[in-house]
1. Checking the cross-link filter: which aspartates and glutamates have an alpha carbon closer than 19 Å to that of Lys158, excluding same-chain neighbours under 8 positions apart?
2. Using a/c under 1.5 as the rounded threshold, could you call segment 50-130 rounded, prolate or oblate? The axes a ≥ b ≥ c are square roots of the C-alpha gyration tensor eigenvalues, and prolate needs a/b larger than b/c, oblate otherwise.
3. Whole-Hz ³J(HN,Hα) for each residue in segment 185-200, computed from phi via Karplus 6.51 cos²θ - 1.76 cosθ + 1.60 with θ = phi - 60°, x for glycine and proline: what do you get?
4. In the P(r) worked out for segment 150-291, what percent of Cα pairs fall beyond 18 Å?
5. Give a residue-ordered list of calculated ³J(HN,Hα) values for segment 85-100 (Karplus: 6.51 cos²θ - 1.76 cosθ + 1.60, θ = phi - 60°; whole Hz; x for Gly, Pro).
6. In percent, what relative contact order does the chain have, based on Cα pairs under 8 Å that are 6 or more apart in sequence?
7. What number does the chain give for Rg over Rh if you use C-alpha atoms and the Kirkwood radius?
8. With +1 on the Cβ of every Lys and Arg and -1 on the Cβ of every Asp and Glu, and nothing else charged, how large is the dipole of segment 86-199 about its Cα centre, in debye rounded to the nearest 20?
Amino acid sequence: MDEVVGTRGAAGVGAGAGNEAGVGAGAGNGAGGAAGTGADARPADEVVGISHLTVSYDGAEALHDVCLSVRDRRILAVIGPSGCGKTTLLRSVNRLVLEEPRAQVSGQVTLRGRDVARMPAEELRRNVGMVFQEPSPFPFSIWRNVTYAPRYFGSTPKRELDGLVREKLELVGLWDEVSRDLRKSALRLSGGQQQRLCIARAIAVDPQVLLLDEPCSALDVNATATVERALARLRERYAIVVVTHNIGQARRIADEVAFMSEGRIVERGTAEQVLDHPRRDETRAFLAGWR
Ligand SMILES: Nc1ncnc2c1ncn2[C@@H]1O[C@H](COP(=O)(O)OP(=O)(O)OP(=O)(O)O)[C@@H](O)[C@H]1O
Ligand SMILES: [Mg+2]
(Lines give C-alpha, C1' and ligand atoms only; values in the text may rest on other atoms or scores of the structure.)
(Ligands and ions follow the chains in the order given, each with its own letter.)
Protein backbone atom coordinates (compact mmCIF):
# COMPACT_ATOMS: atom_id res chain seq x y z
CA MET A 1 0.00 0.00 0.00
CA ASP A 2 1.30 3.34 -0.91
CA GLU A 3 -1.16 5.53 0.88
CA VAL A 4 0.40 8.44 2.61
CA VAL A 5 0.07 8.54 6.34
CA GLY A 6 -1.92 11.56 7.25
CA THR A 7 -4.12 13.37 4.90
CA ARG A 8 -6.83 15.27 6.69
CA GLY A 9 -5.95 16.71 10.03
CA ALA A 10 -2.59 15.09 10.10
CA ALA A 11 -1.02 17.86 12.09
CA GLY A 12 -3.59 17.63 14.82
CA VAL A 13 -3.20 13.91 15.10
CA GLY A 14 0.52 14.07 15.15
CA ALA A 15 0.59 16.55 17.91
CA GLY A 16 -2.07 14.73 19.81
CA ALA A 17 -0.20 11.55 19.57
CA GLY A 18 2.75 12.72 20.63
CA ASN A 19 5.78 13.53 22.29
CA GLU A 20 5.69 15.27 25.60
CA ALA A 21 4.78 18.64 24.20
CA GLY A 22 2.07 17.28 22.00
CA VAL A 23 0.36 15.13 24.52
CA GLY A 24 -1.85 17.86 25.87
CA ALA A 25 -2.08 19.83 22.69
CA GLY A 26 -3.80 17.15 20.69
CA ALA A 27 -6.62 17.05 23.15
CA GLY A 28 -7.75 20.54 22.39
CA ASN A 29 -9.77 21.81 19.57
CA GLY A 30 -7.29 22.94 16.98
CA ALA A 31 -4.45 23.18 19.43
CA GLY A 32 -2.75 20.20 17.90
CA GLY A 33 -2.52 21.97 14.60
CA ALA A 34 -0.45 24.63 16.26
CA ALA A 35 2.48 22.27 16.11
CA GLY A 36 2.32 22.85 12.39
CA THR A 37 4.62 20.03 11.57
CA GLY A 38 2.26 18.26 9.23
CA ALA A 39 2.16 14.55 8.61
CA ASP A 40 5.71 14.12 9.83
CA ALA A 41 4.55 14.86 13.35
CA ARG A 42 2.75 11.58 13.51
CA PRO A 43 4.59 8.97 15.50
CA ALA A 44 6.22 6.35 13.33
CA ASP A 45 4.72 3.61 15.48
CA GLU A 46 1.15 4.89 15.15
CA VAL A 47 -1.30 2.07 14.56
CA VAL A 48 -4.59 3.94 14.84
CA GLY A 49 -4.84 7.62 13.95
CA ILE A 50 -8.00 9.50 14.81
CA SER A 51 -8.30 12.94 13.29
CA HIS A 52 -10.95 15.51 14.02
CA LEU A 53 -13.54 12.85 14.58
CA THR A 54 -17.01 14.13 15.38
CA VAL A 55 -19.91 11.72 15.82
CA SER A 56 -23.53 12.62 16.43
CA TYR A 57 -26.52 10.40 16.99
CA ASP A 58 -29.64 12.03 15.56
CA GLY A 59 -27.93 15.39 15.85
CA ALA A 60 -26.72 14.99 19.46
CA GLU A 61 -22.94 15.02 19.60
CA ALA A 62 -21.30 11.99 21.20
CA LEU A 63 -17.73 12.80 20.07
CA HIS A 64 -16.42 16.27 19.30
CA ASP A 65 -13.30 16.88 17.23
CA VAL A 66 -11.37 14.00 18.72
CA CYS A 67 -7.72 13.65 17.74
CA LEU A 68 -5.86 10.68 19.10
CA SER A 69 -3.10 8.34 18.21
CA VAL A 70 -2.74 4.75 19.33
CA ARG A 71 0.81 3.50 19.21
CA ASP A 72 2.21 0.05 18.76
CA ARG A 73 3.02 -2.04 21.81
CA ARG A 74 1.45 0.37 24.21
CA ILE A 75 -1.66 0.33 26.29
CA LEU A 76 -3.83 3.43 26.05
CA ALA A 77 -6.46 3.59 28.77
CA VAL A 78 -9.52 5.71 28.08
CA ILE A 79 -11.30 6.97 31.17
CA GLY A 80 -14.18 9.34 31.76
CA PRO A 81 -17.70 9.57 33.11
CA SER A 82 -20.54 7.46 31.83
CA GLY A 83 -21.87 8.71 28.51
CA CYS A 84 -18.75 10.72 27.61
CA GLY A 85 -18.23 8.76 24.38
CA LYS A 86 -15.72 6.03 25.23
CA THR A 87 -17.62 3.22 23.57
CA THR A 88 -18.41 5.42 20.59
CA LEU A 89 -14.69 6.07 20.23
CA LEU A 90 -13.89 2.34 20.14
CA ARG A 91 -16.76 1.69 17.77
CA SER A 92 -15.38 4.32 15.43
CA VAL A 93 -12.17 2.36 15.04
CA ASN A 94 -13.85 -0.84 13.92
CA ARG A 95 -16.34 1.17 11.85
CA LEU A 96 -19.43 0.04 13.73
CA VAL A 97 -20.35 3.68 14.19
CA LEU A 98 -20.21 4.33 10.46
CA GLU A 99 -22.61 1.47 9.93
CA GLU A 100 -25.07 2.88 12.45
CA PRO A 101 -27.96 4.53 10.56
CA ARG A 102 -28.56 7.14 13.29
CA ALA A 103 -24.94 8.28 13.41
CA GLN A 104 -23.44 11.18 11.49
CA VAL A 105 -19.67 11.03 11.30
CA SER A 106 -17.02 13.48 10.16
CA GLY A 107 -13.25 13.28 10.43
CA GLN A 108 -11.10 10.29 9.80
CA VAL A 109 -9.85 7.11 11.43
CA THR A 110 -6.83 5.39 9.97
CA LEU A 111 -5.31 2.00 10.59
CA ARG A 112 -1.61 2.02 9.76
CA GLY A 113 -2.29 5.11 7.70
CA ARG A 114 -5.22 3.71 5.74
CA ASP A 115 -8.71 5.14 6.06
CA VAL A 116 -10.86 2.52 7.78
CA ALA A 117 -13.94 3.83 5.98
CA ARG A 118 -12.45 2.54 2.74
CA MET A 119 -10.96 -0.72 3.91
CA PRO A 120 -12.59 -3.95 2.80
CA ALA A 121 -14.80 -5.17 5.67
CA GLU A 122 -12.99 -8.46 6.08
CA GLU A 123 -9.61 -6.82 6.28
CA LEU A 124 -10.89 -4.43 8.91
CA ARG A 125 -12.43 -7.23 10.96
CA ARG A 126 -9.22 -9.14 10.81
CA ASN A 127 -7.10 -6.25 11.93
CA VAL A 128 -9.20 -4.82 14.71
CA GLY A 129 -9.83 -7.16 17.65
CA MET A 130 -12.66 -6.27 20.02
CA VAL A 131 -13.50 -7.50 23.50
CA PHE A 132 -16.67 -6.42 25.26
CA GLN A 133 -17.71 -5.83 28.82
CA GLU A 134 -19.60 -9.07 29.27
CA PRO A 135 -17.54 -12.15 28.50
CA SER A 136 -19.16 -13.51 25.35
CA PRO A 137 -17.55 -16.74 24.19
CA PHE A 138 -19.29 -18.55 21.37
CA PRO A 139 -21.29 -21.56 22.60
CA PHE A 140 -18.67 -23.93 21.23
CA SER A 141 -15.62 -25.67 22.60
CA ILE A 142 -12.63 -23.71 23.85
CA TRP A 143 -10.65 -24.94 20.82
CA ARG A 144 -13.31 -23.78 18.39
CA ASN A 145 -13.50 -20.38 19.99
CA VAL A 146 -9.79 -19.73 19.50
CA THR A 147 -9.69 -21.21 16.01
CA TYR A 148 -12.90 -19.58 14.83
CA ALA A 149 -11.32 -16.58 13.09
CA PRO A 150 -8.17 -18.34 11.80
CA ARG A 151 -10.35 -21.00 10.20
CA TYR A 152 -12.74 -18.39 8.81
CA PHE A 153 -9.94 -16.35 7.30
CA GLY A 154 -7.81 -19.38 6.43
CA SER A 155 -4.89 -17.58 8.02
CA THR A 156 -3.33 -20.61 9.72
CA PRO A 157 -2.72 -24.00 8.08
CA LYS A 158 -4.85 -26.74 9.69
CA ARG A 159 -1.87 -28.61 11.03
CA GLU A 160 -0.76 -25.50 12.91
CA LEU A 161 -4.07 -24.79 14.60
CA ASP A 162 -3.29 -26.78 17.74
CA GLY A 163 -0.07 -24.85 18.15
CA LEU A 164 -1.88 -21.59 17.62
CA VAL A 165 -4.45 -22.49 20.28
CA ARG A 166 -1.70 -23.22 22.75
CA GLU A 167 0.23 -20.05 21.92
CA LYS A 168 -2.78 -17.77 22.32
CA LEU A 169 -4.04 -19.47 25.46
CA GLU A 170 -0.57 -19.19 26.98
CA LEU A 171 -0.47 -15.51 26.13
CA VAL A 172 -3.67 -14.88 28.07
CA GLY A 173 -2.55 -17.13 30.91
CA LEU A 174 -5.25 -19.73 30.32
CA TRP A 175 -3.34 -22.70 28.92
CA ASP A 176 -2.46 -24.36 32.22
CA GLU A 177 -6.04 -24.04 33.39
CA VAL A 178 -7.74 -25.50 30.30
CA SER A 179 -5.20 -27.54 28.35
CA ARG A 180 -7.01 -30.78 29.15
CA ASP A 181 -10.46 -29.36 28.43
CA LEU A 182 -10.01 -27.86 24.99
CA ARG A 183 -12.96 -29.80 23.57
CA LYS A 184 -15.26 -28.79 26.40
CA SER A 185 -17.76 -25.97 26.09
CA ALA A 186 -16.37 -22.52 26.68
CA LEU A 187 -19.56 -21.73 28.57
CA ARG A 188 -18.36 -23.96 31.42
CA LEU A 189 -15.48 -21.62 32.21
CA SER A 190 -15.62 -19.00 34.96
CA GLY A 191 -16.26 -15.37 34.03
CA GLY A 192 -12.59 -14.45 34.24
CA GLN A 193 -11.58 -17.47 32.17
CA GLN A 194 -14.26 -16.66 29.60
CA GLN A 195 -12.99 -13.11 29.30
CA ARG A 196 -9.41 -14.30 28.77
CA LEU A 197 -10.71 -16.77 26.20
CA CYS A 198 -12.44 -13.88 24.41
CA ILE A 199 -9.13 -12.04 24.38
CA ALA A 200 -7.38 -15.14 23.00
CA ARG A 201 -10.08 -15.36 20.33
CA ALA A 202 -9.63 -11.68 19.47
CA ILE A 203 -5.87 -12.06 18.98
CA ALA A 204 -6.02 -15.38 17.13
CA VAL A 205 -5.49 -13.67 13.77
CA ASP A 206 -2.97 -11.17 15.13
CA PRO A 207 -4.92 -7.94 14.71
CA GLN A 208 -3.11 -4.64 14.44
CA VAL A 209 -4.99 -3.29 17.42
CA LEU A 210 -6.94 -4.77 20.28
CA LEU A 211 -9.86 -2.77 21.68
CA LEU A 212 -11.35 -3.66 25.03
CA ASP A 213 -14.47 -1.98 26.38
CA GLU A 214 -14.48 -2.25 30.17
CA PRO A 215 -13.27 -5.83 30.00
CA CYS A 216 -13.16 -6.32 33.77
CA SER A 217 -16.29 -4.58 34.95
CA ALA A 218 -18.16 -7.87 35.26
CA LEU A 219 -15.25 -9.59 37.04
CA ASP A 220 -14.13 -9.90 40.64
CA VAL A 221 -10.75 -8.71 41.89
CA ASN A 222 -8.90 -11.97 41.26
CA ALA A 223 -10.30 -12.46 37.77
CA THR A 224 -9.50 -8.81 37.03
CA ALA A 225 -5.89 -9.43 38.05
CA THR A 226 -5.62 -12.37 35.62
CA VAL A 227 -6.92 -10.20 32.78
CA GLU A 228 -4.49 -7.42 33.69
CA ARG A 229 -1.59 -9.86 33.64
CA ALA A 230 -2.75 -11.05 30.23
CA LEU A 231 -2.84 -7.48 28.94
CA ALA A 232 0.66 -6.84 30.25
CA ARG A 233 1.88 -9.78 28.15
CA LEU A 234 -0.10 -8.73 25.08
CA ARG A 235 1.39 -5.28 25.27
CA GLU A 236 4.65 -6.79 24.03
CA ARG A 237 2.94 -7.53 20.70
CA TYR A 238 -0.07 -5.35 20.08
CA ALA A 239 -1.41 -1.83 20.24
CA ILE A 240 -4.12 -1.90 22.90
CA VAL A 241 -6.91 0.48 23.84
CA VAL A 242 -8.75 -0.32 27.03
CA VAL A 243 -11.76 1.60 28.25
CA THR A 244 -11.96 1.35 31.99
CA HIS A 245 -13.95 2.77 34.87
CA ASN A 246 -11.25 1.57 37.21
CA ILE A 247 -8.61 4.22 37.77
CA GLY A 248 -6.48 1.73 39.69
CA GLN A 249 -6.50 -0.47 36.62
CA ALA A 250 -5.46 2.41 34.39
CA ARG A 251 -2.61 3.13 36.78
CA ARG A 252 -1.50 -0.52 36.82
CA ILE A 253 -1.58 -1.30 33.12
CA ALA A 254 -1.60 1.85 31.00
CA ASP A 255 1.33 3.52 29.31
CA GLU A 256 -0.88 6.42 28.37
CA VAL A 257 -4.21 7.66 29.62
CA ALA A 258 -6.81 9.75 27.82
CA PHE A 259 -9.46 11.44 29.94
CA MET A 260 -12.71 12.16 28.11
CA SER A 261 -15.61 14.32 29.07
CA GLU A 262 -18.70 15.19 27.03
CA GLY A 263 -17.31 13.77 23.83
CA ARG A 264 -13.93 15.49 24.02
CA ILE A 265 -10.47 14.35 24.93
CA VAL A 266 -9.83 16.73 27.79
CA GLU A 267 -6.36 15.55 28.68
CA ARG A 268 -3.96 12.95 27.57
CA GLY A 269 -0.50 11.89 28.63
CA THR A 270 1.40 9.26 30.49
CA ALA A 271 -0.55 7.50 33.21
CA GLU A 272 1.50 9.35 35.79
CA GLN A 273 0.87 12.76 34.21
CA VAL A 274 -2.87 12.38 33.87
CA LEU A 275 -3.63 10.44 37.04
CA ASP A 276 -1.14 11.99 39.45
CA HIS A 277 -0.59 15.44 37.99
CA PRO A 278 -3.69 16.32 36.00
CA ARG A 279 -3.52 19.72 34.36
CA ARG A 280 -7.20 20.31 33.85
CA ASP A 281 -9.83 21.02 36.47
CA GLU A 282 -12.25 18.59 34.87
CA THR A 283 -9.73 15.77 35.17
CA ARG A 284 -9.01 16.66 38.78
CA ALA A 285 -12.71 16.69 39.62
CA PHE A 286 -13.27 13.33 37.97
CA LEU A 287 -10.34 11.73 39.76
CA ALA A 288 -11.36 13.25 43.08
CA GLY A 289 -14.83 11.79 42.66
CA TRP A 290 -13.42 8.39 41.98
CA ARG A 291 -11.19 8.19 45.03
N1 LIG B 1 -26.48 3.82 19.17
C2 LIG B 1 -26.73 4.98 19.76
N3 LIG B 1 -27.81 5.70 19.42
C4 LIG B 1 -28.06 6.89 20.02
N5 LIG B 1 -27.28 7.47 20.96
C6 LIG B 1 -26.19 6.79 21.32
C7 LIG B 1 -25.85 5.51 20.75
N8 LIG B 1 -24.71 5.08 21.33
C9 LIG B 1 -24.34 6.04 22.20
N10 LIG B 1 -25.22 7.05 22.21
C11 LIG B 1 -25.12 8.28 23.00
O12 LIG B 1 -23.82 8.83 22.79
C13 LIG B 1 -23.26 9.30 24.00
C14 LIG B 1 -21.95 8.57 24.26
O15 LIG B 1 -22.25 7.20 24.54
P16 LIG B 1 -21.14 6.10 24.78
O17 LIG B 1 -21.86 4.80 24.91
O18 LIG B 1 -20.11 6.23 23.74
O19 LIG B 1 -20.55 6.57 26.19
P20 LIG B 1 -19.60 5.78 27.20
O21 LIG B 1 -18.57 6.75 27.63
O22 LIG B 1 -19.16 4.51 26.61
O23 LIG B 1 -20.58 5.50 28.44
P24 LIG B 1 -20.52 4.30 29.52
O25 LIG B 1 -19.37 4.64 30.44
O26 LIG B 1 -21.84 4.41 30.23
O27 LIG B 1 -20.34 3.02 28.79
C28 LIG B 1 -24.31 9.09 25.07
O29 LIG B 1 -25.04 10.29 25.20
C30 LIG B 1 -25.19 8.02 24.51
O31 LIG B 1 -26.51 8.12 24.98
MG1 LIG C 1 -19.40 2.50 27.13
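The values are calculated or read from the model by the stated rules, or taken from the named source; none is laboratory data. Quick caveat: nothing in here was measured; it's all calculated off a predicted structure. Quick reminder, even Gly has a Cβ in these numbers, built from the backbone with ideal geometry, and neighbours come from all protein chains shown. Note: accessible area is taken over every heavy atom of the protein model, side chains too, but ligands, DNA and RNA are not part of it. Shrake-Rupley method; radii C 1.70, N 1.55, O 1.52, S 1.80 Å.
1. In chain and number order, the partners are Glu167, Asp206.
2. Numbers: a/c = 1.69, a/b = 1.18, b/c = 1.43.
Oblate, because a/c is 1.5 or more while a/b does not exceed b/c.
3. So the J values, rounded to whole Hz, are 5, 5, 6, 7, 6, 5, x, x, 5, 4, 5, 5, 5, 4, 5, 4.
4. Values: 6047 of 10011 pairs.
Percent of Cα pairs beyond 18 Å in segment 150-291: 60.
5. x, 5, 5, 4, 4, 4, 5, 6, 6, 8, 6, 4, 5, 5, 8, 7
6. Details: 615 pairs, mean separation 65.5, N = 291.
Contact order relative to length: 23 percent.
7. Numbers: Rg = 18.8 Å, Rh = 19.3 Å.
Rg/Rh: 0.97.
8. 180
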